[in-house]
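The structure appears right after this line, and notes come after that.
The values are calculated or read from the model by the stated rules, or taken from the named source; none is laboratory data. Here the structure is a predicted model, which means the values were calculated and not measured. Every residue, glycine as well, gets a Cβ built from its backbone with ideal geometry; the counts of neighbours run over all protein chains shown.
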């Protein structure tokens, strides 16, 4: 059967800005640039330049003064554009098209093909998370991102800054900035809501600040890749946490006081306990081996399976919050619920409508919706009641509970599929920077892993130290035991022990043996990425060494080992 549009409505930006689809981080960064440039708004483009590789190359060859020798080697220039400068859709196929230039510079958003460069709300989610982070950390991170990505452009004159030292790819893209004009798309206002988990926003802001501290030490293209991995990692962690948090709020029929902005125990600046006493922290067992049949891999499979099995309950909770919000709006229009001018119901406010104060109106409102669904199902073209609806009605639930169960039954599979695909893409399944792996055979299980690229990014953050929270960063060695604790306490990544809950209870002897092997594989992986130093056989002397040696007062100029 076909539900009405009001029944199908699912997405709620107060929970997540994502329109759950497969997400490409190149396109997320491109969309984020527009929001950085326009203080949170998307952009409206006026472009004269055709979005095709040929048109880009023609533009460069028409200006031989830009780059010497390009005109004599058109084929090489075209290949360079395709492989190094352009994010292509259907790359290598006859129907390949340009989505946008690679996100090497902030102004690449001006040359995106909107049809092929969709971010599905991820850029807005990142921007608003940073905007609402506590203690000004998010605002500082936004300014750092803007400063990094918009280098080489004079804000006063609007022209190319000749004094800026940039790589050739970025310089090539900067030559085209005057080919398009844009303005903030403020026609519908800006939707800006604080994230349900404010601590996750704080952690994202802190990690961005830490990573951009290396701005003058890491090559620009490498830094962009690092940022893509880091942002995708945080988007994935936030939604894995949502799968646990939102159903708990529905059960509580309102907000948890510990999640209030002033009460959240998470402190990303704390090394010993960054998550504090947060009851909604998550634990992921990550496999460092290469064999999907190893004992540690089986633990990682079990961990991934548990988190993915939370998706159906999350879908049901999203329907609950969304429909209660619609109910609250109807109460406000009828004068039975007071809202200040311009005020909107938050997720917690909507869930409080489940209390007995509005029980009669709740049943009446959703009873009419139930009646509408049954009438549509029992139309002339479909004389028999849908079996799934009949099964729910036979349970004898309240009208509201029955309505949510029907929506979950009819639309749950659809949303589960797209949320699963979205989460797979955020976890960068089977790609560089992956936190998730899955075999190519049908029905192969997923397992959490720690790819070398993601590990490298996290190591760059881990070796940064501060004497005081307001002091500049510097790099220093870190014991492997402390690193394992840092990954576990900061991100919930468990390598040498099992999490408390999240699919695990007691640790068996076999589990302990598997975790010891996993810890050994972790040490081997550290050696592969060049961060490991073994001074002796003593465990305490096994340390992680920073790739860039930066002294406490060496801001912007460090010493490489």
Open item on the list: I need the full set of residues from segment 110-122 which are out of contact with any strand residue (DSSP E or B) (no Cβ under 6 Å at 6 or more places or on another chain) and buried (at least 24 other Cβ atoms within 10 Å of the Cβ), in order please.
Closed with: 119, 122
Task: Residue check, residue 247 in the same structural domain as residue 473 (by TED's automatic domain parsing) and at pLDDT below 95 - done: no
- [ ] Report, by residue number, each residue of segment 238-254 that is touching a residue at least 40 places away in the same chain (Cβ under 8 Å) and under 30 Å from residue 425 (Cβ atoms).
- [x] 238, 239, 240, 241, 242, 243, 244, 245, 246, 247, 249, 250
Open item on the list: Is it the case, given these coordinates, that residue 421 is in a helix (DSSP H, G or I), surrounded by fewer than 22 Cβ atoms within 10 Å (Cβ to Cβ) and either under 18 Å from the mean Cα position of the chain (by Cα) or not assigned by TED's automatic domain parsing to the domain that holds residue 514 (or both)?
Closed with: yes
Task: Unique match (being modelled with pLDDT of 90 or more and on the phi < 0 side of the Ramachandran plot) among 45, 51, 18 - done: 18
- [ ] Considering only segment 98-128, state which residues are touching a helix residue (DSSP H, G or I) at 6+ places or on another chain (Cβ under 6 Å), assigned to a strand (DSSP E or B) and farther than 16 Å from residue 37 by Cβ.
- [x] 99
- [ ] For residues that are more than 22 Å from residue 531 (Cα to Cα), buried (at least 23 other Cβ atoms within 10 Å of the Cβ) and touching a helix residue (DSSP H, G or I) at 6+ places or on another chain (Cβ under 7 Å), tally how many sit in segment 429-445.
- [x] 1
TODO: Could you tell me whether segment 467-474 includes any residue that is crowded, with 20+ Cβ neighbours inside 10 Å, at pLDDT below 95, in the same structural domain as residue 238 (by TED's automatic domain parsing) and in contact with a strand residue (DSSP E or B) (Cβ under 8 Å, 6 or more places away or on another chain)?
DONE: yes
- [ ] Tell me which residues, restricted to segment 435-451, are at pLDDT 95 or above and over 18 Å from the mean Cα position of the chain (by Cα).
- [x] 438, 445, 446, 447
Task: helices (runs of 4 or more DSSP H) (entirely within segment 269-370) containing at least 3 residues that are surrounded by 18 or more Cβ atoms within 10 Å (Cβ to Cβ), in contact with a strand residue (DSSP E or B) (Cβ under 6 Å, 6 or more places away or on another chain) and in contact (Cβ under 8 Å) with a residue 24 or more places away in the chain - done: 295-308
Task: Residues of segment 80-97 that turn out to be over 22 Å from residue 30 (Cβ atoms) and assigned to a helix (DSSP H, G or I), as a count - done: 0
Task: Out of 164, 236, sole residue that is touching a strand residue (DSSP E or B) at 6+ places or on another chain (Cβ under 9 Å), surrounded by fewer than 22 Cβ atoms within 10 Å (Cβ to Cβ) and modelled with pLDDT of 70 or more - done: 236
